Amino acid sequence: GITLYGFGYYALGTFIHPLEQEFHWGRAEVATGFIVFALVGALLRPVFGALLDRWGPRRLAVPGAILLGLVFASFSTLTGSRMQWLGLWLALALASGMIMPSVWGMAVARSFVASRGLAVSGMMLGSAGGAILAPQLSNHLIKLHGWRTAYRVMGLSWGAVVAVICLLMLRDGRDRSLAAANPLPQVELTGYTVLDGIRSAHFIKIVASIFISNLFNYFFSFHLL
């Protein structure tokens, strides 16, 4: 599931040259789409986080995978309109919020009691896998069938695969009958309130480190492909 989240920006580098040739766009014009994706995604993360707390991973991941696959495939309909280009990236940002890493992280955290850190680490391997496979797959498809077909094949195929897997296998926790028979012990939670946590130095440092990491990872990496 987490491999699908990064399809858009991991594969963008391989689409830059075909789009420049097709529509006579500059590299900066192509990159503006990702800026929309990044800004909208950052602003809406708290909204999707609240929905995740309320609905759980399954109710976000299944429709999210379907929507992201359809939106990614819709890039094949580009006509050269910059508004269409930016609009599709906006739609991609909205769909991506439904399958952001927190969705899969919550699913793992609710399913594992022992070795939870190892399980989360295994989950994050999917992100690295997507970063490796997405540009390789898109580059191969572009060379053989053109960029429009590459968008359609990648979006519809992997979006459908992830949606089916989530529909059949993703649960918000352990089976309810098993959980009812073996309830988890009640643990009194301690620590910060939400407001105190946001104001804490630890939280600010974490946010700053993620921001700096993503600045280099997202904004520069796809220009190297």
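The values are calculated or read from the model by the stated rules, or taken from the named source; none is laboratory data. All values reported here derive from a predicted model rather than from experimental measurement. Neighbour counts run over all protein chains shown; Cβ positions are idealised from the backbone, glycine included. Keep in mind that these areas ignore ligands, DNA and RNA; they rest on the heavy atoms of the full protein, side chains included. Shrake-Rupley method; radii C 1.70, N 1.55, O 1.52, S 1.80 Å.
Taking residues in segment 15-34 that are under 20 Å from G155 (Cβ atoms), and partners anywhere that are outside any helix (DSSP H, G or I) and open to solvent by less than 30 Å² (accessible area, probe 1.4 Å), the pairs with Cβ atoms closer than 6 Å and at least 6 places apart or on different chains are L19/W25; F23/G80.
Of everything in segment 127-165 that is open to solvent by 20 Å² or more (accessible area, probe 1.4 Å) and among the polar types (S, T, N, Q), the residue that is nearest to H17 (Cα to Cα) is N139.
Can we say L168 is open to solvent by 80 Å² or more (accessible area, probe 1.4 Å), at pLDDT 85 or above and assigned to a helix (DSSP H, G or I)? Yes; evaluated as a whole, the condition is true for this residue. Do you know which residues across segment 100-126 are surrounded by fewer than 16 Cβ atoms within 10 Å (Cβ to Cβ) and hydroxyl-bearing (S, T, Y)? Those that are surrounded by fewer than 16 Cβ atoms within 10 Å (Cβ to Cβ) and hydroxyl-bearing (S, T, Y): S111, S115, S121.
Taking into account only those residues within segment 179-209 that are surrounded by 10 or more Cβ atoms within 10 Å (Cβ to Cβ) and modelled with pLDDT under 80, which is nearest to A107 (Cα to Cα)? Applying the filter and picking the extreme gives A179.
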